[in-house]
Amino acid sequence: MPKDASRPRRVAEQIQRELAELIQLEVKDPRVGMVTLTGVEVSADYAHAKVFFSLLGDQTRVNEALKGLNSAAGFLRSQVAHRMKLRVMPMLHFMHDISIEQGARLDKLIADAVAEDARHPSDD
C-alpha cells in the first residue's frame, strides 16, 4: 500500500505554524527580530526539515537572523516536538528564502522596461 503523500505536507504545515508562534512569542534573541516563515519542507523520513524565512533588510541583517535562528534551533525543535507529539521530530535547518527579493527585483525590471517603452513609442 503506498504511503499517504499528503502527510509530510501536513506535518510541514503544522511545523511552520508552531515555529511561527514560537519565534514570535518565545524567542528572545534580538537578532531574530521580525522574520517571516515562508515554508517548511520535511524529508521523507522526517529526519530533516528545511525552514525557509524571509526578512526585510540587507545581507548583514539576514546573516544575523540566520545565526539567531540556528542558535535557537534546539529550543525550537524541542518545543515543537512537545506541542506536536511526533515520534520523530526533524532537525531544523533554517534557510533564507530569496524568492520574495527576486520577485521584487523582477517587478522593478518589468516596470522599468514598461516605462522605457512608454518614453519611446514605436514608429509603426
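Brief remarks on what is shown
- Reference-scaled alpha-carbon Rg (2.2 N^0.38 Å with N residues) for the chain: 1.42
- Neighbour count of at most 11 Cβ within 10 Å plus DSSP loop: longest trypsin sites (Lys or Arg not before Pro)-free window in the chain: 29-84
- Farthest positive-ward along the chain dipole, Cα basis, beta-carbon charges - from His120, Gly103, Ser78: Ser78
- Between helix 6-25 and the chain there is an angle of about 90 degrees, using the helix long axis and the longest principal axis of the Cα atoms.
- Listed residues Val35, Ser6, Leu69: farthest to the positive end of the dipole of the stretch 6-98 (Cβ charges): Ser6
- Point-charge dipole on Cβ atoms (K/R +1, D/E -1) for the chain, about Cα centre, debye to 20: 1060
Readers should treat all values here as calculations from the given coordinates under stated rules, not as data from a laboratory. Given the structure is predicted, the values throughout are model-derived calculations rather than measurements. In this analysis, Cβ positions are derived from the backbone assuming ideal geometry, glycine residues included, and neighbour counts consider all displayed protein chains.
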